[in-house]
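Quick note: the coordinates plus some simple rules give every number you see, no bench work behind them. No experiment lies behind these values; they were computed from the predicted model shown. With ideal geometry, Cβ positions are generated from the backbone for all residues, glycine too; neighbour counts draw on all protein chains shown.
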Amino acid sequence: MQKVYPQLKSSEKPKNLNSKPIQISPKKSHTSSGEKNKSNQAFDKKTLTNKNKETNLTNPNKNDEKEIRVVTVRNELFFKDNLALLKEQFQSKWKDPPTCPRVSDEEFDKLKVLGEGAFGKVYLVRHNKSHDNKVLFFATKVLNKEFIIRSKCKDHVLTEKRILQCINFPFLVTLYYYYKDSLNLYLVTEFVEGGDLFKHIKKLRRFSESQSKFYSAQVILAIEYLHSNGLVYRDLKPENILLDQWGYLKMTDFGFAKYMLLHNNQTNSSGRTWTVCGTPEYMAPEIIVQNRGYDGSVDWWSLGVLIFEMCAGYTPFRGKEEKEIFRNIVGHSYTRSSRFSDDCADLIENLLQNDVRRRYGCLKNGVTDITHHPWFYKLDWESINNKTFEAPYKPVKEDIKEKIETIGELKLNKDAKDIL
Ligand SMILES: Nc1ncnc2c1ncn2[C@@H]1O[C@H](COP(=O)(O)OP(=O)(O)OP(=O)(O)O)[C@@H](O)[C@H]1O
Ligand SMILES: [Mg+2]
């Protein structure tokens, strides 16, 4: 799928769009026609109980809602400690990014194209000088220097490289090498063989809620990690989420990610950014309506779109052209799919809040409003974080020996316990 960074024509600009640069990544379209809009069904409140770790959780957005939910919660202490450790690691790397071993293009054989972007292609490559137990296969993103300079995206590319050099998280891709020649810059990351989530949603038409929950949990942990390190991701969508051979996720493509902290670890005066960038269907209203700038809130909005797309098989805000998509986003015009459970619909609704002051992830309790939501009732966050939980689906290897054929179908993993 080609990724482009066009300037929107002035006639296509949504209202209130100022003169800041707009960089748009296209969203692949599903072939299925999707569901016809049905009127929103009222959220049917439920009380969930669990004997182990229980908490009373009220919905912070619904002050008048007296009902108390009882849900199993994530052990916040474990995640707080874990994030603090990882933050220390990230910060020292950010100050002085580690260098990768020197390599050149001759050391890699290009095997096939995995994806295509505006600056170039992503290739599956084999390191021909590898020996012993060293990793043989990688994914190389080739970025054309001339195009980067022409499209004034040098900063984005340098940031993408620096972020890849510094991150270390189970659900984010790892950079192994980078090198350049007179034409291109090469980012060599681990090859994630299961294909991207977009392809799998298309094949299966949609994911079950328990499958979606498993993926959402990993995305939430990854966003939490990025935000805790001062990074806003800004391009969450199924095309940028890859499945590994165990059925776990790896997020890739940090082309739009931004580091928001200054040297003293403080945010700039406003702690906000204004660049209009992302994938239209996934863009938060505060990116489109440029009056206050935005921060990590945009990733929580995109999470709402992602959960919607995984469970429904199509995105909530659609349109024939960008203008229409933007109008629907800003007007909060979307309809819940009749397939959604009430808890799923409720979480999506609380993420797709146009008012950032009411959006889950951005409130006083931060990410815990999401992780403690009843949709994640009983989810074993720790074992997902540690990857000790068997994935509900595993990609089927078509050619284990050569890995050249990327994995095709997703098959139900019979060893997996039900998520809930
Ligand atoms: N490490 C990887 N392993 C397997 N497939 C990958 C990997 N990285 C990328 N891909 C595939 O290539 C596609 C494009 O990669 P990526 O999102 O990084 O670049 P892009 O968005 O096309 O390019 P750009 O951001 O430069 O415009 C992905 O959607 C995915 O299908
Ligand atoms: Mg991409």
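Some points to look at:
- Computed across the range 303-381, the Kirkwood radius stands at 13.4 Å (inverse of mean 1/r, all Cα pairs).
- Evaluated with a Cβ-only charge set (Lys, Arg +1; Asp, Glu -1), the range 186-266 carries a dipole of roughly 360 debye about its Cα centre, given to the nearest 20.
- Ordering THR140, THR159 from the fewest to the most neighbouring beta carbons within 10 Å gives THR159, THR140.
- Spatial extent of the range 84-214: Rg and Dmax, with the Cα atoms as the point set, Å: 16.6, 48
- Rounded to whole numbers, the Karplus 3J(HN,Hα) couplings from phi for the range 251-261 are 7, 10, 6, 9, x, 10, 5, 9, 8, 9, 9 Hz, using 6.51 cos²θ - 1.76 cosθ + 1.60 with θ = phi - 60°, and x at Gly and Pro.
- Under-5 Å amide H pairs with LEU111, H placed in peptide plane, nonlocal only: LEU124, VAL125, ARG126
- Equivalent ellipsoid semi-axes, the range 154-250, via Cα gyration tensor eigenvalues times 5, rooted, Å: 26, 16, 12
- Residue (of TRP301, VAL330, ALA312) at the positive-pole extreme of the range 299-382, dipole from beta-carbon charges: VAL330
- Exposure proxy ranking, count of Cβ atoms within 10 Å, fewest first, for ARG162, ARG206: ARG162, ARG206
- Taking the number of Cβ atoms within 10 Å of each Cβ as an exposure proxy, the fewest-first ranking of THR174, THR275 is THR174, THR275.
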